[in-house]
Every structure is written in C-alpha cells, then in structure tokens.
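Peer 1: Before we start, here is the structure in question, set down as structure tokens.
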Amino acid sequence: MIRRLDARRGDWIESVRDRGVTILLVTHFMDEAERLCDRVALIDAGRVIAMDTPTRLAECEGGGNHMRFHPSRPFDDQLLRHLAEVDHLERRGDGVVVSGTGDLLGAVISALAKAGVEAKDVQLESATLEDAPPRLARRVARAAGFAARLQSRA
C-alpha cells in the first residue's frame, strides 16, 4: 500500500513539474530525489553543502562511473590514463577497474580497440545520488575540523 501511494505521489509531482511549476520537495530518499528533481540541494546540519543536478552531484560527489573488465591481452596503462573521461585506473589481478565521468565506456572501449585489445566481461556501475551525501558529509567534516584548528591557533 505504501509503495502504491509513493508511486502515485511521484506521478503527481512529475505531472505538475512538467507543466512548469516549481516544486520544493523535501526527502531523505535519494532515489526519489534523483527521479523527481531537476536540481538537488544537499543539506548537512542546516547548511547547504552542495547544489546541482542529480546527475552532476552523483558524478562529482559519488565518484562517477566505474568500469571493470578483463583485457584480451596486456596493455600499457597510459593508453587509458590519458583519456579525459578517466580519473583513475587500478589493476586487480588480471582485471582492470577504471573510474571516471562522461562517456567512460565508449572512450575506454574505443581506445582499447585502436590498440587491438578487447575488453571482456565488462561491468559498468554508474554513480547514483545515494553515493553523494556520505562523501560530502566527510568532506564538510574535514573542512570544519581544519577551520577549527586554524581558529585555535589564532
């Protein structure tokens, strides 16, 4: 019953939003915010700590996309590290994990193909808005701790 009510509420919000009406939605459910909101403000201890589109927040604060694969043959890591979409590359046994943003999958597959390497057993995980708040909260806490240390020295 609750899920049905949530679905109906979501449908109503979408129909009103699609008519150009601004809606202020307050929720703790990140999947709901990601689906229903054009812009999201994350609030911690009463302060806005980030505001952007759900996709941009997820990519920037959630860590972007993560691609795992097994190469058909060895290759130099620089082949992928120089790509604008790639933020991080890590070897795990005979597998490779690449993290980044944008069209990560397309850029990596294309670069590998040009080098004659096939990506096998490819898995792609996209960051969601659910990933962003914990990372942001840690960043804010570190910044607050740093500010407190500076004040105590003054």
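The values are calculated or read from the model by the stated rules, or taken from the named source; none is laboratory data. This one's a predicted model, so the numbers in the text were calculated from it and none came from an experiment. Because the Cβ atoms are built from the backbone with ideal geometry, glycine has one as well, and the counts that use them run over all protein chains shown.
Peer 1: Residues to consider are Ala119, Ala111; find the one that is touching a residue at least 24 places away in the same chain (Cβ under 8 Å), out of contact with any strand residue (DSSP E or B) (no Cβ under 8 Å at 6 or more places or on another chain) and small (Gly, Ala, Ser).
Peer 2: Unique residue meeting the criteria: Ala111.
Peer 1: Another question, if that's okay. Say whether the condition of being outside any loop (DSSP other than H, G, I, E, B), among the polar types (S, T, N, Q) and touching a strand residue (DSSP E or B) at 6+ places or on another chain (Cβ under 8 Å) is met by at least one residue in the range 67-89.
Peer 2: Looking for residues that are outside any loop (DSSP other than H, G, I, E, B), among the polar types (S, T, N, Q) and touching a strand residue (DSSP E or B) at 6+ places or on another chain (Cβ under 8 Å), one finds none in the range 67-89, hence no.
Peer 1: Is there a residue in the range 31-52 that is assigned to a loop (DSSP other than H, G, I, E, B), loosely packed, with under 12 Cβ neighbours inside 10 Å and modelled with pLDDT of 95 or more?
Peer 2: Checked the range 31-52: no residue is assigned to a loop (DSSP other than H, G, I, E, B), loosely packed, with under 12 Cβ neighbours inside 10 Å and modelled with pLDDT of 95 or more.
Peer 1: Kindly evaluate Val96 against the criterion of being over 28 Å from Asp31 (Cα atoms), part of a loop (DSSP other than H, G, I, E, B) and at pLDDT 95 or above.
Peer 2: For Val96, the condition - over 28 Å from Asp31 (Cα atoms), part of a loop (DSSP other than H, G, I, E, B) and at pLDDT 95 or above - is not met.
Peer 1: Ala107 - would you say it is of a type outside the set (D, E, K, R), under 20 Å from the mean Cα position of the chain (by Cα) and modelled with pLDDT of 95 or more?
Peer 2: yes
Peer 1: Still on this structure: Go through the residues of the range 59-66 one by one and say whether even a single one is in contact with a strand residue (DSSP E or B) (Cβ under 9 Å, 6 or more places away or on another chain) and at pLDDT 85 or above.
Peer 2: Within the range 59-66 (the criterion being in contact with a strand residue (DSSP E or B) (Cβ under 9 Å, 6 or more places away or on another chain) and at pLDDT 85 or above), the answer is yes, since at least one residue qualifies.
Peer 1: If the Cβ limit is 6 Å and pairs must be 6+ apart or interchain, which residue in the range 76-96 that is surrounded by 17 or more Cβ atoms within 10 Å (Cβ to Cβ) pairs with which residue that is aromatic (Phe, Trp, Tyr)?
Peer 2: Within 6 Å, the pairs are Val96/Phe69.
Peer 1: Take the residues of the range 112-154 that are in contact with a helix residue (DSSP H, G or I) (Cβ under 6 Å, 6 or more places away or on another chain) and surrounded by 15 or more Cβ atoms within 10 Å (Cβ to Cβ): which is modelled with the highest pLDDT?
Peer 2: Among those that are in contact with a helix residue (DSSP H, G or I) (Cβ under 6 Å, 6 or more places away or on another chain) and surrounded by 15 or more Cβ atoms within 10 Å (Cβ to Cβ), it is Ala119.
Peer 1: Consider Val96 carefully, then state whether it is touching a Ser or Thr at 6+ places or on another chain (Cβ under 8 Å) and of a type in the set (Val, Ile, Thr).
Peer 2: Judged against the criteria, Val96 is not a match.
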